[in-house]
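What follows is a single structure, written as C-alpha cells, with notes after it.
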Amino acid sequence: MGHYVMTGELLQISLFGACAVSSTEAGGFVVTGAKHRALLALLATAPFGRRTRAFLQETLWGATCYDTGRQSLRRALSDLRRIMGNTYEELIAGSNADLSLDLSRVRFLGHVSSGPFLEGLDIREPGFVAWAAAIRQNPGQLAGLFRGSQELFSPLLPVVAVLPFRALDGEHPTGVLGDWVAEEICRSLSRSHLLAVISHLSCRAMASAQVDITAVRNLLQADFCVTGTLRRSGGNLVLDSDFVDTRSGRILWTRQLAYGAERFLDASAEGIAAIVAAVGAAVAEQALVHVRSKVPAAIDDHNLLIAGIALMHRAVLRDFARARELLEEAARRAPYTPELHAWLGKWYVLSVFNGWSSDVAQETRHALDCTARALDIEPDNAFSLTIDGFAQNNLLRRLDIADVRYSAALERNPNAGLSWLLKGALHAFRDEGTSAVKATERARRLSPLDPFGYFYDSLNATAHLAMGDHQRALALADRSLSQNDRHLSTLRTKIVALHHLGRGQDAALAGQELLRRQPDFTVAGYQRSHPAAEYEFGRSAAAALRAAGIP
C-alpha cells in the first residue's frame, strides 16, 4: 500500500507511550502541561480534528460548574497561544461552539505498539478517564491517524518485508542481482491495497549472512518475510526463495527458479511475478485459516481486512455474508481509515450486482454512504475514488461521474490496477472496445496478487466483447466462472459471446443456468438497470439474451 509524507507539518504528537507534544522544528516549543497536552490529544483524535467546547470543558474539567470549565478552557488556550507563538494561529481555529486542529499540519509519532495510550498523563476527571480507557481497549481505531508516516502502517494491513537475496558464491555481481530481485518483488508488492510493504532500503539494512526472523519481526514489525539465496549452477543462476510467517517462524512456501546467467534480467520477470502472486495467495490463505470459527472481535487486526476481502469475492453466500461482518468490524476498529469504508461500499455494490440483495434501494444507499464517508476522510484517496466510481457506474448508471472518479484516481496513482480495470469496463459500456481491452489488460499486469482474479477476468471478457473478439471473451468468462460461478454478469457475458459465435444451443443452456440462479431476471430489467443499456454494447447484449431464451 502506498504512503505519502505530508508537507508543512508544524506539530508532532506521540499518543502511545509517554505523551509528548512539541514543534516539528529542532529547538522549537514543547508543550509540557498535562491538560494542555490532553487538550491537543483530544483534538488530534477527533474526526476532522474538531470537537465542541462543551465536550472539551466537561472531559478535562468536569461537569460540576460550566463557568469554571469555560474559564479553564480559555486559560488553557491562552497558555497554548503563548507557548506556540505564531504556530497557534496556523494550527488551531475556533468559534463560540467548537475548536478545530488542522490535522494536515500534525505529525503523529510512534505506533500503537509503543505503549498504552497517553501513558502517564495523570488526569482524573471521569470524562477523560472514560475516553482514554475506551481507546486503550481498542487502540486500532486510531490507525488512520498514522497514514502520513512512511515508517508506520495501519495495523489492519499485513506487513511484508523482502530481504535481499544472499549470494552463496560470495561474488559481488551475484549479490547485486540478489538485491535487484528483492527490489523488484518489493516494488510489485507495494502496488497492492492489501499489503503494507517495508521499503527496500530498510530491508537492505537487515541483510546478513544469516537471516534473523525475530529481528525482522521486532525491528521491521513485519508479519511476513520473503527471503532466499542466489547461486550459480553451471551456466544458470538459481534463485531459492522462502516465504516465512515471522510470528511462528514457519515457512509457508518455498520456490526455486533457474535461468541462464546471460539472460537473467529478462528471463526472471515471469518468476518474480509468480513469487509476488504466491505471496498474495499465502497471505489470504493464512487470514482465512485464522478467522475460521472466530467471532470478529477475537480476530487479529492484520487478518481481519484480508479475510473480509477474500470472503467477499467467494462464490458462497455464507462467505459473502461473513465478509460484511469482518469489514464492519475493521471499520469500527479504524474509523479514520478511508479504504475500509470503501471496501464496505464495494461489498454493497457486489451484493446488488450479484443478485444477493433483498433490498436494492437500501443497499444502494449504504454503498454510496460508505464511499462518501471514505472520501470525507480523504478526498484524494485513489482507491476510494475508484470504488465511488464503481458505485456510480453500476448502481446509478452515472457513467459521467464514474469517468471523472476513475480519471482522478489514476491521476493520483497511475499504477492502480483496479482503477484501470473499472475504467476499461466503462470504455466497454460506451462501445470503445480497443481502449477497453488496453485498460483491462494493463489492470491485470498491475494486479498480480489480488484475491479476486475472477473479477479481472470477468471485466476483461467484457472488454473483449466490446472489441468484437468473442472467442477470447468466452475463454476469459469461462476462466472467471471457474473461480466464481455466482458472478451473474460473467454468465451474461458468456451467453452473449456464445450467441455471437453461432453456438445458439450452448447459449440457451447458459441462459437456463442464469434463470435458475436468478429466476426474476428479464431482458427488460437488464435494460432498465445496466449502465450500457443505451449503447450498442447494451442493445447487442439484450438481443443475445433474448435469443438465448431469456424472457
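Please treat every number below as a calculation from the coordinates, not as lab data. Because the structure is a prediction, the values reported are computed rather than measured. Cβ sites come from the backbone with ideal geometry, for glycine too, and all protein chains shown count toward neighbours.
Which order do peptides 162-172, 120-130 fall in by mean Cβ count within 10 Å, highest first?
Working: 162-172: 19.1, 120-130: 13.2.
Per-residue mean Cβ counts within 10 Å order the peptides as 162-172, 120-130.
Sorting the segments 421-431, 236-246, 72-82 by their residues' average number of neighbouring beta-carbon atoms within 10 angstrom, most packed first, yields 421-431, 236-246, 72-82. The Cβ shell under 12 Å around ALA287 holds other residues with a net charge of -3, Lys and Arg each +1, Asp and Glu each -1. Overall shape of the chain was characterised from the C-alpha gyration tensor. The equivalent ellipsoid obtained from it has semi-axes of 45, 33, 20 Å, in decreasing order.
Give the order of PHE390, PHE521 when sorted by the count of other beta carbons within 10 angstrom, beginning with the fewest.
Sorted ascending by nearby Cβ count, the order is PHE521, PHE390.
Taken along the Cα-to-beta-carbon direction at a fixed 7 Å, the label points for VAL404 and ASP520 span 3.3 nm.
Under 12 Å of direct C-alpha separation, and excluding same-chain neighbours fewer than eight residues apart, LYS35 reaches these aspartates and glutamates: ASP79, ASP122, GLU125. Taking a ≥ b ≥ c as the square roots of the Cα gyration tensor eigenvalues, segment 44-128 comes out oblate, since a/c reaches at least 1.5 and a/b does not exceed b/c.
Between beta-carbons, use under 13 Å as the cut-off and find the net charge around PRO164, counting Lys and Arg +1, Asp and Glu -1. Value of the local net charge: -1. This ranking places TRP420, TRP131 by how few other beta-carbon atoms lie within 10 Å of each, fewest first, which gives TRP131, TRP420. When you count the other C-beta atoms within 10 angstrom of each residue and take the mean per peptide, 524-534, 474-484 line up highest first as 474-484, 524-534.
Grab the beta carbon distance between VAL176 and ALA282, set R0 = 30 Å, and tell me the FRET efficiency rounded to 0.05. Kindly include the intermediate steps, with their values, before the conclusion.
Working: r = 28 Å, r/R0 = 0.92.
About 0.60, to the nearest 0.05.
Please give me the summed charge of the neighbours of LEU237: other residues whose Cβ is under 12 Å from its Cβ, Lys and Arg +1, Asp and Glu -1.
Overall, the nearby charge balance is -1.
Since only HIS530, LEU399, CYS370 are under comparison, the one whose Cα sits farthest along the positive direction of the charge dipole of segment 337-547, derived from C-beta charges on Lys, Arg, Asp and Glu, is HIS530.
Segment 409-441 and segment 204-278 have Cα centres spaced 33 Å apart.
Compared with the dominant principal axis of the Cα atoms in the chain, helix 338-353 is inclined by about 30°.
Using Cβ counts within 10 Å as a stand-in for footprinting exposure, how do SER293, SER199, SER188 rank, fewest first? Please report the intermediate quantities before stating the final value.
Details: SER293 5, SER199 17, SER188 22.
Starting with the residue having the fewest Cβ neighbours, the order is SER293, SER199, SER188.
Projected over every direction and averaged, the convex hull enclosing the alpha-carbon atoms of segment 159-290 yields 7.5 nm². Of all lysines in the structure, the ones whose alpha carbon falls short of 30 Å from that of LYS438, not counting any fewer than 8 places away in one chain, are LYS346, LYS423, LYS494. Compute the angle between helix 470-483 and the longest alpha-carbon principal axis of the chain, please, reported from 0 to 90 degrees and rounded to the nearest 10. Once rounded, one gets 50 degrees. Estimated from helices alone, the mean residue ellipticity of the chain at 222 nm is -18000 deg cm²/dmol (sum of -39500 (n - 2.57) over DSSP H runs with n ≥ 4, per residue).
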